[in-house]
Amino acid sequence: MQTELTRPAAAASVTTPATIDLRPKRRWGERLIEFSMWLSGLVSILITAGIVVVLLFDALAFFRRPEVKLVEFLTGTVWQPQILKFGIFPLFNATMLTSAIGLLVAVPLGLMIAIYLSEYASPRARGILKPVLEILAGVPTVVFGYFALNFMTPILQNIFGKDVVEVFNVASAGIVIGILIIPLVSSMSEDALSAVPRALREGAYALGATRLETALRVVVPAAISGIAAAIIVGMSRAVGETMVVAIAAGAGPRNFASWSEALGGLNFLNPFKAAETMTGHMVRISGGDLAYDSIDYDSIFSIGLMLFIITFVLNLISRWIVRRFREEY
């Protein structure tokens, strides 16, 4: 009886839990980080827009001059501002040639490094090798330029002969540019390969594939969009490289009297002769005694606009490839 009387009292002593507040709380730290990221994005957009406006304004000032013809600028084979010859082809050709040589060096080596780090290296080896590889990206490019001039050029001359390979040449600059962009290509490619799900690898192993067959026939095709994007970003980096080509490639445009001379015997593709790229030319003439608002001064901005257009198109291609061939798992 006593027990029955005390039970209601014990039950009455139990308090009802307070209502839980499910409304989102203000976290000022997250708000501050969000605002900082938004502000950084806005500043980046404004800086990019400012660069485009400056390039367009000064480039249009160059093309408005009566001495400059847009058709001649796009199709001419001589760039010599002193005699009012403004054909962009010699500078464009040297830029594309050095970039192509750089990609021929960087893509195979960078892809092999990425496959090794992703598929073969142990976690400890990857943790050591990847930071060491990325240190290469921190070496000043002027060091790479003198490396191309004093190390790579003598090697090419010993192989092909001094009568074939000039002291300043496109090949040595292109090879060293390839070495310079290896960390970029390998790092981005390795990230793309590592993002491939482990289940695809295990499925290939279950079917009897070797590690190499799995890497080349399963993992690489699955990560092809990321690898292609890495290659195009490397191409953009090679196109914009300045100090290597300014030191090792040459200090004057490789002009051609006509298109027949340029195309005859594929002279425009000869990598063992000196040539000046767009970035190298901008560095050389902007460091001289150029009068402000002169035609030589305004020509720098027309070359800069061409570089911007090239890199912009490459970025558009990269984004299209990523959207077109991206695999979602």
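Please treat every number below as a calculation from the coordinates, not as lab data. Note that the structure is a prediction, hence the values are computed from the model and not measured. All Cβ positions, glycine included, derive from the backbone under ideal geometry; neighbour counts span all protein chains shown.
Positive-end ranking of Leu263, Ala229, Val218 along the dipole of the chain, with charges on Cβ about the Cα centre, is headed by Val218. Computed over neighbours whose Cβ is under 12 Å from that of Glu166, the net charge equals +2, Lys and Arg +1, Asp and Glu -1. Quotient of the Cα radius of gyration of the range 146-238 and 2.2 N^0.38 Å, N being its number of residues: 1.54.
Going from the fewest other Cβ atoms within 10 Å to the most, the residues Arg237, Arg254 appear in the order Arg237, Arg254. Subtracting the Cα-Cα distance of Thr48 and Leu316 from 0.36 nm times their residue separation leaves 94.9 nm of extension gain.
Residues whose amide H lies under 5 Å from that of Phe86, counting only those 5 or more places away or on a different chain, are Gln80; hydrogens are built 1.01 Å from N in the peptide plane. Under 5 Å between amide hydrogens, built in the peptide plane, is the criterion, and for Gly250 it picks out Ala275 among residues at least 5 positions away or on other chains.
Between the Cα long axis of helix 28-63 and the first principal axis of the chain there is an angle of about 20°, rounded to the nearest 10.
With the simple model of a label 7 Å out from the Cα in the direction of the Cβ, Val143 to Leu70 spans 4.5 nm. The label-point distance for Leu32 and Leu104, in a model that sets each label 7 Å from Cα toward Cβ, rounds to 5.5 nm. Couplings 3J(HN,Hα) of the range 219-224, computed from phi: 6, 4, x, 5, 9, 5 Hz, in residue order, whole Hz [Karplus 6.51 cos²θ - 1.76 cosθ + 1.60, θ = phi - 60°; x for Gly and Pro]. Assuming charge only on the beta carbon of Lys and Arg (+1) and of Asp and Glu (-1), the dipole of the range 69-173 about its Cα centre is about 180 debye to the nearest 20.
Only Cα pairs under 8 Å and 6+ residues apart enter the sum, and on that basis the relative contact order of the chain stands at 24 percent.
If packing is taken as the average number of other Cβ atoms within 10 Å across a peptide's residues, how do 219-228, 265-274, 35-44, 147-156 rank, most packed first? Show your work: numbers first, answer last.
Numbers: 219-228: 19.7, 265-274: 15.2, 35-44: 10.0, 147-156: 18.0.
Most protected by this proxy first, the peptides run 219-228, 147-156, 265-274, 35-44.
When every Cα-Cα distance of the range 26-148 is counted in 5 angstrom steps from zero, the calculated P(r) takes the values 2, 8, 8, 10, 9, 11, 14, 14, 10, 7, 5, 3, 1, 0 percent. Computed from backbone phi with θ = phi - 60° and the Karplus coefficients 6.51, -1.76 and 1.60, the 3J(HN,Hα) list for the range 230-246 is 4, 5, 5, 5, x, 4, 4, 5, 5, 4, x, 5, 10, 5, 4, 6, 5 Hz; x is used for glycine and proline. A simple charge model with +1 on the Cβ of Lys and Arg, -1 on the Cβ of Asp and Glu and nothing else charged puts the dipole of the range 88-325 at about 960 debye relative to its Cα centre.
The C-alpha atoms of the chain define a longest principal axis, and helix 2-12 lies at about 30 degrees to it. Going through [x] 16.8; [y] 18.6; [z] 30.8, the figure that equals mean projected area of the Cα convex hull in nm² as computed for the structure here is [z].
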